[in-house]
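The block underneath contains the structure these notes are about, expressed in structure tokens.
The values are calculated or read from the model by the stated rules, or taken from the named source; none is laboratory data. This one's a predicted model, so the numbers in the text were calculated from it and none came from an experiment. Cβ: placed from backbone, ideal geometry, glycine included. Neighbour counts: every protein chain shown. Areas reflect the complete protein model, heavy atoms only, side chains present, ligands, DNA and RNA absent. Shrake-Rupley method; radii C 1.70, N 1.55, O 1.52, S 1.80 Å.
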Amino acid sequence: MSLERTLTVRVERISRQTPEILAFELAHPWGRPLPAYEAGAHIDVHMPGGFSRQYSLARAPSGNASYVIGVKREVGSRGGSASMHERVREGDLLPISAPRNTFPLREEAKHHLLLAGGIGMTPLLAMAQALAARGADFTLCVFARSEEHLAFADALRAPALAPHLRLHLDQGDASQRIDLRALLAERAPNTHLYVCGPGGFMQAVRDAAAHWPEDALHTEYFAAPTDANTTTGLPFTLKLARRGITVPVAADQTAVDALHEVGIDIPVSCQQGLCGTCVVEGDGEGAEHRDFCLTGSERKTRVALCCSRAKGQELVLQL
Ligand code: FES
């Protein structure tokens, strides 16, 4: 369970975006400002039924009077999106986490290419608005089935974004799909690519951008890929440099669980390597990274303890 501090927000407004997507505007119950955030950030929402899910903030920061999230009702979901759609009403109070950002804009980029598949548009919409506000050079490509399935259409077509928007509606017809390999064949100098969307879309973009430098490709996953192994592996030892102790991790145990057994609680949320809550400083070069939230350079000095393991027999952490 998460040890992070939660805050309570009121559901100010619920608006239908598409047949499957609702937008929720969340505000402080007494009208106070909410914690500041950067474009690309997400929050954990603790919803009726005991579910907790991460949702990206779908609007660039502006005064922090409210947050906006988009929730797609997933077919066969584990209950989180159904709970939001069926049980949450305007005026309800919801516990949430403070925003966290594992998908930030890169200051060093000269051009930003944002690729959004379906509901994956939410963090990229906020990023596009933030880039437009600072006059940055960017392109936002949004992929959706049809106009009916296009969420946040008004925000996308706002005058500040319209000149940067490339909208691809395939009408559910594979022959209409954009050729990602052609789109990503050339990389203009200092272009950074940001991707968010369903698993198949993410994989297609990763394949098409395989020749891009790893540090120029930034992804935000909603769920771990179905073939991901985030728990088991070989046993190893955690060496806690600050405490001067070692902690054994069994083959069927995560590092978080092993640390909990010796009284060291690491905050967790998604427990799938997605959200970054459990990331600590350590010898990333000695880790077998299984997360989906750290960049190549971050992995040199950080490790997500809910899923990653040691490459060899020992992993050194700054704990
Ligand atoms: S708890 Fe989310 S990345 Fe580990």
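Only residues that are among the hydroxyl-bearing types (S, T, Y) and open to solvent by less than 40 Å² (accessible area, probe 1.4 Å) were counted across the range 173-193, and they come to 1.
On the basis of being of a type in the set (A, V, I, L, M, F, W, C), under 12 Å from A65 (Cβ atoms), open to solvent by less than 30 Å² (accessible area, probe 1.4 Å) and outside the structural domain of A126 (by TED's automatic domain parsing), does A27 make the cut?
Numbers: of a type in the set (A, V, I, L, M, F, W, C): yes; under 12 Å from A65 (Cβ atoms): yes; open to solvent by less than 30 Å² (accessible area, probe 1.4 Å): yes; outside the structural domain of A126 (by TED's automatic domain parsing): yes.
Judged against the criteria, A27 is a match.
Applying the criterion of at least 3 residues that are open to solvent by less than 30 Å² (accessible area, probe 1.4 Å) to the strands (runs of 3 or more DSSP E) found wholly in the range 97-172 leaves 111-117, 138-144. Filtering the range 214-226 to residues that are open to solvent by less than 60 Å² (accessible area, probe 1.4 Å) and not charged (D, E, K, R) leaves A216, L217, H218, T219, Y221, A223, A224, P225. Could you go through the range 227-240 and let me know if any residue there is within 10 Å of the ligand (Cβ to nearest atom) and either open to solvent by less than 70 Å² (accessible area, probe 1.4 Å) or not in a strand (DSSP E or B) (or both). Yes, the range 227-240 has at least one match. Residues in the range 36-82 that are over 18 Å from the mean Cα position of the chain (by Cα) and free of Cβ contacts under 8 Å to residues at least 12 places away in the same chain were compared, and the one that is surrounded by the most Cβ atoms within 10 Å (Cβ to Cβ) is A82. From the list C270, C278, C307, exactly one residue is within 8 Å of the ligand (Cβ to nearest atom) and open to solvent by 10 Å² or more (accessible area, probe 1.4 Å). Which is it? So the residue among C270, C278, C307 that is within 8 Å of the ligand (Cβ to nearest atom) and open to solvent by 10 Å² or more (accessible area, probe 1.4 Å) is C270.
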